[in-house]
Amino acid sequence: HRYCFAAGMTLFFLSSAGTSPAAEELLTIPEMAVTTRIVKRNPIDSVRRISASSEKTLYCFTRVNAPDDEERRISHIWYRNGETVAEYELPVRGSRWRTFSKKVIEKGMRGAWRVEAVDEEGNLLKAVEFTMN
């Protein structure tokens with residue numbers, strides 16, 4: 001009978017090991033916006049179309065929810081016309097975290113823009129798009 005008990009315990013541990021810990025560690029982004037300014041840790045607007053001459057800096061604000069307070073990282077990847085122009089690694093230090101990256105606007109930066117937020121494994125969490133005239 002001892003053999004059957006040990007076998008039963010082994011099956012229990014094997015089935016527990018089969019649950020994916022990655023599923024419990026997922027980051028979610030309930031809010032992400034490209035904005036002209038951040039005030040009191042919140043974006044003041046959400047840019048969809050903007051003139052390259054009207055702003056000198058744009059920010060990508062991101063609100064991140066994590067399953068716990070363990071420190072993680074996300075990256076903001078800024079694209080212009082499908083090409084990477086900047087990448088910023090940002091810490092996430094809590095279960096409810098706000099962070100941002102900023103991009104200085106220079107002459108000749110017109111085009112279709114996209115900012116992607118990706119996790120440490122490179123999985124896309126969320127993206128926002130805007131046009132610069």
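Here are the numbers:
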item	result
Scope the stretch 27-45; condition in a loop (DSSP other than H, G, I, E, B) and either out of contact with any strand residue (DSSP E or B) (no Cβ under 9 Å at 6 or more places or on another chain) or over 19 Å from Leu90 (Cβ atoms) (or both); matching residues	Thr36, Lys40, Ile44, Asp45
Matching residues, the stretch 58-84, being open to solvent by less than 60 Å² (accessible area, probe 1.4 Å), out of contact with any Pro (no Cβ under 8 Å at 6 or more places or on another chain) and part of a strand (DSSP E or B)	Leu58, Cys60, Thr62, Val64, Ile74, Ser75, His76, Ile77, Trp78, Tyr79
Test result for Ala112, assigned to a strand (DSSP E or B) and more than 9 Å from the chain's Cα centre (by Cα)	yes
Hits in the stretch 38-89 - residues which are among the basic types (Lys, Arg) and more than 13 Å from Lys102 (Cα to Cα)	Lys40, Arg41, Arg48, Arg49, Arg63, Arg72, Arg73, Arg80
Members of the stretch 47-102 found to be of a type in the set (Ser, Thr, Tyr) and touching a Phe, Trp or Tyr at 6+ places or on another chain (Cβ under 9 Å), listed by number	Tyr59, Thr62, Ser75, Tyr79, Thr84, Tyr88, Thr99, Ser101
Subset of the stretch 85-107 [more than 29 Å from Glu70 (Cβ to Cβ), in contact (Cβ under 8 Å) with a residue 24 or more places away in the chain and not in a strand (DSSP E or B)]	Ile105, Lys107
Identity of the residue in the stretch 90-132, open to solvent by less than 70 Å² (accessible area, probe 1.4 Å) and polar (S, T, N, Q), that ends up farthest from Val34 (Cα to Cα)	Ser95
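The values are calculated or read from the model by the stated rules, or taken from the named source; none is laboratory data. Not measured: the values here are computed from a predicted model. Please note: Cβ atoms are built from the backbone with ideal geometry, for glycine as well, and neighbour counts cover all protein chains shown. Only protein heavy atoms, including side chains, enter the accessible area calculation; ligands, DNA and RNA are left aside. Shrake-Rupley method; radii C 1.70, N 1.55, O 1.52, S 1.80 Å.
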